């Protein structure tokens, strides 16, 4: 919960600084709502993502899920913030995690919508990052 609150606060600050608009679906109208979208979905999708075989597949799939739900900017924002917190916290920050995030974002932008999109995200990410 502490991590979520920290991510939320930093995201709100960043969303006021960055005003890029990447929403092809036009789900939200202001930056704070957009960050809230990715924060809420990241928590809701956690159980589904944790079942995946390895770390890079998890990064790829979550970014894919967030990309089609909330847009690529939000998916990037969450991925970068997660690595920043890993850098200063208990996790281990890796550039390859950001690469997996970017591949997931690209998949998400071409995967469609709904459950079919989620299946495409998982299938695509497992092909890119097969289980060891």
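Nothing in this text is a laboratory measurement; each read-out follows from the coordinates by a stated rule. Since the structure is predicted, the reported quantities are computational estimates derived from the model, not experimental observations. Quick reminder, even Gly has a Cβ in these numbers, built from the backbone with ideal geometry, and neighbours come from all protein chains shown.
Taking label positions 7 Å along the Cα-Cβ direction at both residue 132 and residue 110, the computed distance is 2.9 nm, reported to one decimal. Counting every other Cβ atom within 10 Å of each residue's Cβ, 68, 76 order from fewest to most as 76, 68. Any idea what % of Cα-Cα pairs in segment 52-132 are farther than 15 Å? Pairs farther apart than 15 Å: 50 percent. In what order do 47, 127 fall by count of nearby beta-carbon atoms within 10 Å, going from fewest to most? Final ranking by Cβ density, sparse to dense: 47, 127. Counting neighbouring Cβ atoms within 10 Å and putting the fewest first, the residues 102, 63, 39 line up as 102, 39, 63.
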